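The values are calculated or read from the model by the stated rules, or taken from the named source; none is laboratory data. Source: prediction; values computed, not measured. All Cβ positions, glycine included, derive from the backbone under ideal geometry; neighbour counts span all protein chains shown. Ligands, DNA and RNA are stripped out before the accessible areas are found, and what is left, the full protein with its side chains, is counted by its heavy atoms. Shrake-Rupley method; radii C 1.70, N 1.55, O 1.52, S 1.80 Å.
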Amino acid sequence: MPASAVFPASPAVTLAHTILHDIFGYSAFRGHQQAAIECVVGGGDALVLMPTGSGKSLCYQIPAIARQRLGKGIAVVVSPLIALMHDQVGALHEAGVEAAFLNSTLSGPEAGEVEQRLLRGEITLLYAAPERVTNARFLALVDSLYERGQLSLFAIDEAHCVSQWGHDFRPEYRGLTVLHERFPNTPRIALTATADALTRSDIVERLQLQGAQQFVSSFDRPNIRYKIVEKNDPRKQLLRFIDTEHMGEAGIVYCQSRKRVEEVADMLCEHGLRALPYHAGLDRAVRQKNQDAFLRSDTTTGEPVIMVATIAFGMGIDKPDVRFVAHLDMPKNIEGYYQETGRAGRDGEPANAWMCYGLQDVVNQRRMIDESPADETYKQVMRGKLDALLALAEATECRRGRLLAYFDQKGDGEGAASYRCNNCDNCLSPAATWDATDAARKAISCIYRVQQASGISFGAGHLIDILRGKATDKVAQFNHSTLSTFGIGAEFGEQQWRSVLRQLIALGIVHVNPEAFNTLQLTASAREFLRSEQKILVRETTAETTSGARKSAANKLSKEKATANMNLGARERFAALKAWRAEVAKEHNLPAYVIFHDATLASIANQAPQSLQELSGISGMGTKKLDAYGQEVLRLVAQLSTA
Ligand code: ADP
Ligand code: ZN
């Protein structure tokens, strides 16, 4: 029984439900949506943390619509996503909501027109970038709304951008303190999909949200399968991953550098895949073109696009059917990893988050931190965050348990260590591990001896050669074959040594010195480790290369396609509806999912409604869409049902 049957709903909640149903065509709120909406409609401040795809937009869109109906005027949405504002506003228009944006893509007269509409009260939601919101002309405009009691709400989207501890700091966000200083009586709602405890408290402080109610959902994305493999031949590994699991599907491949983005995109194209590059070095027009191609590609009608990108790509991307996110290089921290992988599977269908990483990634990330111009405290925090990601990559237990523990949510409450999700590589095919305690001790002693004998330190490659007793030129040059540690680790292969060293770096026992050619040095923890009983377990290194193909075939996601349970007639209707949707989307210059989601079309295909009344009961069918498209949809369905 719904709670409303027992307790009469507040007027705010009743209004919110009406809007949810009439405008968006949905029958019930999810998770914290209702509570957050109730808070803001009532004039309170809110901080909303909900994972990607869980419906954050409604948390500010419904209050904006509700408060306008209550005579409170216009909502301003602060968002860094200039390249997506056109589609966001287009989606609201499709639902019959008056929205507009002000950003640098508009000409002077176009912006002036928006300002006029704003002052005439013809707009419900106004999207603007933070640098716009804090400029004098804009503030004067908002002043005049405020004075007339026509400023209903500020929504601050992607609120983690305000924090330097977050993975996407935007200095312009700092200026947003002006909002509550200048407009103290206007409610504010800040939203983000990713923030660990530190970032969260920083958001509260920076945006002065101490008085805000917090709505924090579970960070779990159960339909995403996590898999982290050791890097040996990344391009081949990526091709095999796409080949065995994602042929004909849309995905994102993240790389560290612009150069690598270009190379990998070319490589995928050479293999007959439709891949496009995206990075900050490309012209804005090219970036927008590639992004639009990605968002508008309709994999169900045969246009899969793989976006190969740096982290410049992806914030706010709401394409529902991204089936995989692959990392060819390791991100900076768990927040980055979680945010990027979170772009997969927004539609709730199975999706893969795949990463390959190696010793070089660890070395590079350390170096970037050490060489950054930031102060020591900042570097210390960043090192800690990187270490947490390394620990995730090296983990032999459930990846999801680790991720949730990082965000302070211990899986099912049993504690991270015993948590099993059954949808990550470690749960599905438990990693074979070997006891590397002895090897670790040998490595430590080797680093120590080499440093002592030569007075300088060396990189991983040379240290491994010494451990394995290889007579290289460098060994001869430094006379390292005379060391007592020369050849003491011949029983282990190079890959094994690399994983041991990675573990030691992950544990903070070995330090990578960027000022001395990334050489490895012992830290104070090395002595502690040698004195302790601490065991080091390392995952077997060969799994991916030798049995990888077989394993991934066995682990292949069992995809319950929307069409799986459809009869022949429904399937035909579904195909016809999709073809029709593609036409409409093209005409309106919007992505297809903005017109109707696959799930909505699938319900129509299955139920074959014969009247507007029947059609209006389908999830995702709001009043405006029913008006605009209802007759056409019914005609399509009728044609195919009688044929
Ligand atoms: P995010 O939290 O990533 O911003 P969105 O706001 O884009 O997520 O929502 C994800 C999808 O879920 C959207 O297509 C939205 O229409 C849909 N959605 C949101 N809330 C509901 C609901 N209460 N019932 C059904 N669908 C919903
Ligand atoms: Zn798991």
> Which angle from 0 to 90°, rounded to the nearest 10, does the C-alpha axis of helix 11-22 make with the longest principal axis of the chain?
Replying inline: 90
> Among K289/K625; K231/K379; K332/K535; K227/K385; K319/K586, which pairs are too far apart, with a Cα-Cα distance over 18 Å?
Replying inline: K289/K625; K231/K379; K332/K535; K227/K385
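Arrange the residues L153, L119 by how much accessible surface each exposes, largest first, with a 1.4 angstrom probe. Walk me through the intermediate numbers first.
Numbers: L153 0, L119 65 Å².
These residues rank, largest area first, as L119, L153.
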> Put H597, H462 in order of accessible area, largest first, 1.4 Å probe: what do you get?
Replying inline: H597, H462
>> Of all beta bridges DSSP finds with both residues in the chain, what is the antiparallel percent, to the nearest 5?
In response: 15
> Check M355: other-chain or 5+ apart residues with amide H under 5 Å from its amide H, H built from backbone geometry?
Replying inline: K227, I228, V229, H327
> Going by the alpha-carbon gyration tensor, a ≥ b ≥ c the square roots of its eigenvalues, is the stretch 224-429 rounded (a/c under 1.5) or, if a/c is not under 1.5, prolate (a/b greater than b/c) versus oblate?
Replying inline: oblate
>> Could you tell me how many cubic angstrom of Cα convex hull volume the stretch 434-539 has per residue?
In response: 95
> Can you tell me the Rg and the Dmax, both Å, for the Cα atoms in the stretch 560-641?
Replying inline: 11.7, 32
> Which whole-percent values make up P(r) of the stretch 324-374 when all C-alpha to C-alpha distances are grouped in 5 Å steps starting at zero?
Replying inline: 4, 20, 23, 20, 15, 9, 6, 3, 1
> Helix 197-206 versus the longest principal axis of the chain: what is the Cα-based angle in degrees, 0 to 90, to the nearest 10?
Replying inline: 50
> Percent relative contact order of the chain, based on C-alpha pairs within less than 8 angstrom and at least six residues apart?
Replying inline: 14
> Principal axis lengths of the stretch 11-216 from Cα atoms, whole Å, largest first?
Replying inline: 44, 39, 30
> What are the extents of the Cα atoms of the stretch 344-410 along their three principal axes, listed from largest to smallest and rounded to whole Å?
Replying inline: 42, 26, 26
> Which loop-located trypsin sites (Lys or Arg not before Pro) does the stretch 85-194 contain, where loop means any DSSP state but H, G, I, E or B and the Cβ has at most 10 other Cβ atoms within 10 Å?
Replying inline: R120
>> Suppose accessible area is computed on protein heavy atoms with a 1.4 Å probe; arrange T341, T482 from highest to lowest.
In response: T482, T341
>> Compute the angle between helix 376-394 and the longest alpha-carbon principal axis of the chain, please, reported from 0 to 90 degrees and rounded to the nearest 10.
In response: 90
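How much net charge surrounds I466 when only the other residues with a Cβ under 10 Å from the Cβ of I466 are counted, with Lys and Arg +1 and Asp and Glu -1? Let's see the in-between values first.
Numbers: positive: R449, R468, K470, K474; negative: D465.
Summing Lys/Arg as +1 and Asp/Glu as -1 gives +3.
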> Dividing the alpha-carbon radius of gyration of the chain by 2.2 N^0.38 Å (N being the number of residues), what value is obtained?
Replying inline: 1.06
>> Please list, by residue number, every one of the GluC sites (Glu not before Pro) in the stretch 86-155 that is coil in DSSP and has at most 15 other beta-carbon atoms within 10 Å.
In response: E122
> Which percent of the accessible area of the stretch 11-216 is formed by carbon and sulfur heavy atoms (probe 1.4 angstrom)?
Replying inline: 50
> Around R383, what is the net charge, scoring Lys/Arg as +1 and Asp/Glu as -1 over all other residues with Cβ under 11 Å from its Cβ?
Replying inline: +1
> Check V253: other-chain or 5+ apart residues with amide H under 5 Å from its amide H, H built from backbone geometry?
Replying inline: M307, V308, A309, A326
>> Just to confirm a number: summing +1 for Lys and Arg and -1 for Asp and Glu over residues other than V48 whose beta-carbon lies under 12 angstrom from that of V48, what do you get?
In response: 0
> Per residue, how much accessible area does the chain have with a 1.4 Å probe, in Å²?
Replying inline: 42
>> As a test question: what accessible area, to the nearest 10 Å², does S27 have when a 1.4 Å probe is rolled over all protein chains in place?
In response: 100
